[in-house]
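Take a look at the structure below.
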Amino acid sequence: MPARTLQDYIGVRTRREVRCAEALVIACATESPRAGGAAAVYEWVLAGDSPAPFTGALHEELHDLELAVEERTALRAAHEPGRAADERDFARGAAGALAWLLGFTPLSS
């Protein structure tokens, strides 16, 4: 069995788990801003050449710190009263996906 490398995992999730989660949200991403936010996160972490949805960061190797910074930025956007409701919902979806990647306990909306 080949040795696992650090990049076999994104946060606490395997790439396979992330691909499965991405597949689940892609079908409804155009219909739901929340699903669109999650899909944007999964595309960012899997592709490597897409900018992060909120910070615009690019990565070669993705570390928990980058995930946590993006998650905190998305949470801030989700609670920003000046943003449109769809933008806040997109941010909630992104924050939820990032929290899942990091192994955080889900928060109620």
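Any read-out appearing in this document is the output of simple, stated calculations on the displayed coordinates, not a laboratory observation. In this text, all values refer to a predicted model and were calculated from it rather than measured experimentally. Neighbour counts run over all protein chains shown; Cβ positions are idealised from the backbone, glycine included.
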Estimated dipole of the chain in Debye, rounded to 20 [Cβ of Lys and Arg +1, of Asp and Glu -1, Cα centre]: 300 debye
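Hey, what's the Cα Rg ratio for the chain versus the globular rule of thumb, 2.2 N^0.38 Å? Mind dumping the intermediate values first?
Values: Rg = 13.5 Å, N = 109, 2.2 N^0.38 = 13.1 Å.
Computed over Cα atoms of the chain, the ratio equals 1.03.
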Residue-normalised 222 nm signal for the chain, counting each DSSP H run of n ≥ 4 as -39,500 (n - 2.57), nearest 500 deg cm²/dmol, is -18000 deg cm²/dmol
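Assign one of three labels to segment 55-107, namely rounded, prolate or oblate, based on the Cα gyration tensor with a ≥ b ≥ c the square roots of its eigenvalues; rounded applies when a/c is under 1.5, prolate when it is not and a/b is larger than b/c, and oblate otherwise. Please list the in-between numbers first.
On the way: a/c = 2.59, a/b = 1.52, b/c = 1.70.
Judged from the Cα gyration tensor, segment 55-107 comes out oblate (a/c at least 1.5, b/c at or above a/b).
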What trypsin sites (Lys or Arg not before Pro) in segment 45-109 are in a loop by DSSP, with at most 15 other Cβ atoms within 10 Å of the Cβ? ARG83
Spin-label pair ALA68/ILE26, simplified geometry with 7 Å Cα→Cβ offset, distance in nm: 3.1 nm
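Filter the DSSP H helices in the chain by two things, a Kyte-Doolittle mean of at least 0.5 and an axial alpha-carbon span of 18 angstrom or more, and list the hits by number. The partial results should precede the final answer.
Working: long enough: 33-47 (21 Å, 0.57); 64-78 (21 Å, -0.06); 85-102 (25 Å, 0.21).
Length and hydropathy pass: 33-47.
Give the calculated FRET efficiency between ALA47 and ARG83 to the nearest 0.05, with a Förster radius of 30 Å applied to their Cβ-Cβ distance. Let's see the in-between values first.
Values: r = 26 Å, r/R0 = 0.85.
Approximately 0.70, to the nearest 0.05.
Taking the highest mean first, how do the peptides 33-41, 14-22 order by number of other beta carbon atoms within 10 angstrom per residue?
33-41, 14-22
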Grab the Cα-Cα distance for THR55 and ARG15, subtract it from 0.36 nm times how many residues apart they are, and report the gain in nm with one decimal. 12.2 nm
